[in-house]
1. What is the number of the single condition among (1) under 20 Å from residue 87 (Cα atoms); (2) touching a residue at least 24 places away in the same chain (Cβ under 8 Å) that residue 50 does not meet?
2. Could you say which residue among 73, 90 is in contact with a Gly (Cβ under 6 Å, 6 or more places away or on another chain) and either over 30 Å from residue 140 (Cα atoms) or not β-branched (Val, Ile, Thr) (or both)?
3. Filtering the range 94-109 down to residues that are surrounded by 10 or more Cβ atoms within 10 Å (Cβ to Cβ) and among the hydrophobic types (A, V, I, L, M, F, W, C), which residue is farthest from the chain's Cα centre (by Cα)?
4. Would you check which residues across the range 1-14 are exposed (fewer than 13 other Cβ atoms within 10 Å of the Cβ) and touching a strand residue (DSSP E or B) at 6+ places or on another chain (Cβ under 8 Å) and list them?
5. Of the residues 140, 152, 148, only one is under 14 Å from residue 99 (Cα atoms) and β-branched (Val, Ile, Thr); which?
6. I need every pair where a residue in the range 107-135 that is touching a residue at least 60 places away in the same chain (Cβ under 8 Å) has its Cβ under 6 Å from the Cβ of a residue that is assigned to a strand (DSSP E or B), sequence separation at least 6 or different chains.
7. So which strands (runs of 3 or more DSSP E) are wholly in the range 32-93 and hold at least 3 residues that are more than 18 Å from residue 5 (Cβ to Cβ), more than 16 Å from the chain's Cα centre (by Cα) and in the same structural domain as residue 18 (by TED's automatic domain parsing)?
Amino acid sequence: MTKYLEIGQIVNTFGIKGMVKIKPFTDDINRFDRLETIYIESKKSRKEYEIEEVKYHKNMVLMKLKGINTIEEADLLRQSYLLVDREKEEPLEEGVYYIVDLLGLEVYTDEGQLLGKVDDIFNTGSNDVYVVKDELGKQVLLPGIPDVLKDVDLEKGRITVHLIAGLEI
């Protein structure tokens, strides 16, 4: 498991006093209110910053970081990713997983047929969709609903699914 979890990306600056605009990668956007520090990772480095202020605007997060006081300093952080230390996060509810932990897991039907590995997961608004890709590159899209997802075993690196009507491959 990865030590750090990606929770957003700095997509722009905001104002002239060093605030950054963040596209959140989390279901709970208000989680940013609970953070005191954040790691910012660019291609070159990972650095911890203290958070001075958090605001919200049109499903985006506006954040003021200690030591970033000008638009020019904030602009240097553009396209960087925001990370949190997994160990400092509250435990997830049973049956809830971080996407990063599901990527790469093998997906089997409840009849034992290997469909491939989880390549991506995206949200449609009503539920998540699991993109499963086999070794030939063929994709299967599976809805992340209880009727389909029967078991997730992170230790074995395996997801068991039931192919409901319309999902036969």
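The values are calculated or read from the model by the stated rules, or taken from the named source; none is laboratory data. This is a predicted model, so every value here is computed, not measured. With ideal geometry, Cβ positions are generated from the backbone for all residues, glycine too; neighbour counts draw on all protein chains shown.
1. Residue 50 satisfies all of (1) under 20 Å from residue 87 (Cα atoms); (2) touching a residue at least 24 places away in the same chain (Cβ under 8 Å) except (2).
2. Working: 90 fails: in contact with a Gly (Cβ under 6 Å, 6 or more places away or on another chain).
Testing whether each residue is in contact with a Gly (Cβ under 6 Å, 6 or more places away or on another chain) and either over 30 Å from residue 140 (Cα atoms) or not β-branched (Val, Ile, Thr) (or both) leaves just 73.
3. Looking only at the range 94-109, we keep the residues that are surrounded by 10 or more Cβ atoms within 10 Å (Cβ to Cβ), and these are 97-109.
This time we only want the ones that are among the hydrophobic types (A, V, I, L, M, F, W, C), so: 99-100, 102-103, 105, 107.
On the way: 99: 6, 100: 7, 102: 11, 103: 11, 105: 16, 107: 20 Å.
For the range 94-109, the residue satisfying everything is 107.
4. Start the filter on the range 1-14 by keeping residues that are exposed (fewer than 13 other Cβ atoms within 10 Å of the Cβ), which leaves 1-3.
Within the range 1-14, just 3 meets the criteria.
5. Sole residue among the options that is under 14 Å from residue 99 (Cα atoms) and β-branched (Val, Ile, Thr): 152.
6. Pairs that qualify, where the first residue is touching a residue at least 60 places away in the same chain (Cβ under 8 Å) and the partner is assigned to a strand (DSSP E or B): there are none.
7. On the way: elements: 37-41, 46-57, 60-65, 81-85.
Passing ranges, in order: 46-57, 60-65.
A quick yes/no check of all residues on (1) of a type in the set (D, E, K, R); (2) in the same structural domain as residue 26 (by TED's automatic domain parsing); (3) exposed (fewer than 14 other Cβ atoms within 10 Å of the Cβ):
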{"residue": "111", "(1), (2), (3)": "yes, no, yes"}
{"residue": "119", "(1), (2), (3)": "yes, no, no"}
{"residue": "143", "(1), (2), (3)": "no, no, no"}
{"residue": "151", "(1), (2), (3)": "yes, no, yes"}
{"residue": "154", "(1), (2), (3)": "no, no, yes"}
